[in-house]
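Structure first, commentary second.
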Amino acid sequence: MSAILALALQAAAEGRRSIGIHGSWGAFSDAAPPRCFAIAEPLGQTRLRRPFASIATWPADGQRNQLYVRLSRPRASAARVTLSIGERRFELLAGPADAWSPDARTDRAIVAAIRAGRSMSVETVAANGRPFADTYALKGAATAIDAAAVGCAGR
């Protein structure tokens, strides 16, 4: 079973509404709190941690296209987290095992790069000192991001 199909089945079980599956990305909505998001798992994931990258719209807060990444493993406390799409590099803010963009301007630049890219990777150093990268295919990402935004229109 594909990872995105598994996400869709899990979403249905959690009360999420599936907006659509587009390539390796899915678009979903939650009623409370109201949000819509595009989401994908990294390529080749078999870990129990269930890493993902998402681009979310939070209509109650007026926020659009916010990046959030759950890393496949905990990172070293001083390690930087970098998102790469083609030649573009974005330094992310990070928690122990997650990361997000520092501001709305960076979110917009990341989404623009996703629309033009074929793959993206999130790179850092694990808590054990070994570097790692979570890599995502971007086929369908732009359509899923747009579907999620439309799914929250008017809320």
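Quick note: the coordinates plus some simple rules give every number you see, no bench work behind them. A quick note: this is a predicted structure, and the numbers were derived from the prediction, not measured. In this analysis, Cβ positions are derived from the backbone assuming ideal geometry, glycine residues included, and neighbour counts consider all displayed protein chains.
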Worksheet entry | Distance in nm between pseudo-label sites at LEU93 and GLN63 (7 Å out along the Cβ direction from Cα) | 0.9
Discussion item. Can you find, among PRO131, THR57, ALA147, the residue sitting farthest towards the positive end of the charge dipole of the chain, where Lys and Arg contribute +1 and Asp and Glu -1 at Cβ?
Written reply: PRO131
Worksheet item: What residues qualify as long-range amide H neighbours of ARG35, i.e. H under 5 Å apart, gap of 5 or more or another chain, H built at 1.01 Å from N?
Response: ASP30
Worksheet entry | Spin-label pair ARG105/LEU43, simplified geometry with 7 Å Cα→Cβ offset, distance in nm | 3.2
Worksheet item: Non-local amide H neighbours of LEU43 (under 5 Å, H modeled in plane, Pro and chain starts lacking H): which ones?
Response: THR135, TYR136, ALA137
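I need the helices of the chain that pass two filters: whole DSSP H segments spanning 20 Å or more by Cα along the axis, and mean Kyte-Doolittle score no lower than -0.5.
Working: long enough: none.
Helices passing the filter in the chain: none found.
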Discussion item. Over 10 Å intervals from 0, what percent of Cα-Cα pairs in segment 3-151 sits in each interval?
Written reply: 12, 43, 36, 8, 0
Worksheet item: In debye to the nearest 20, how big a dipole does the chain give about its Cα centre with +1 on each Lys and Arg Cβ and -1 on each Asp and Glu Cβ?
Response: 180
Worksheet entry | Neighbour-count ranking [beta-carbon atoms within 10 angstrom, fewest first] of ARG73, ARG35 | ARG73, ARG35
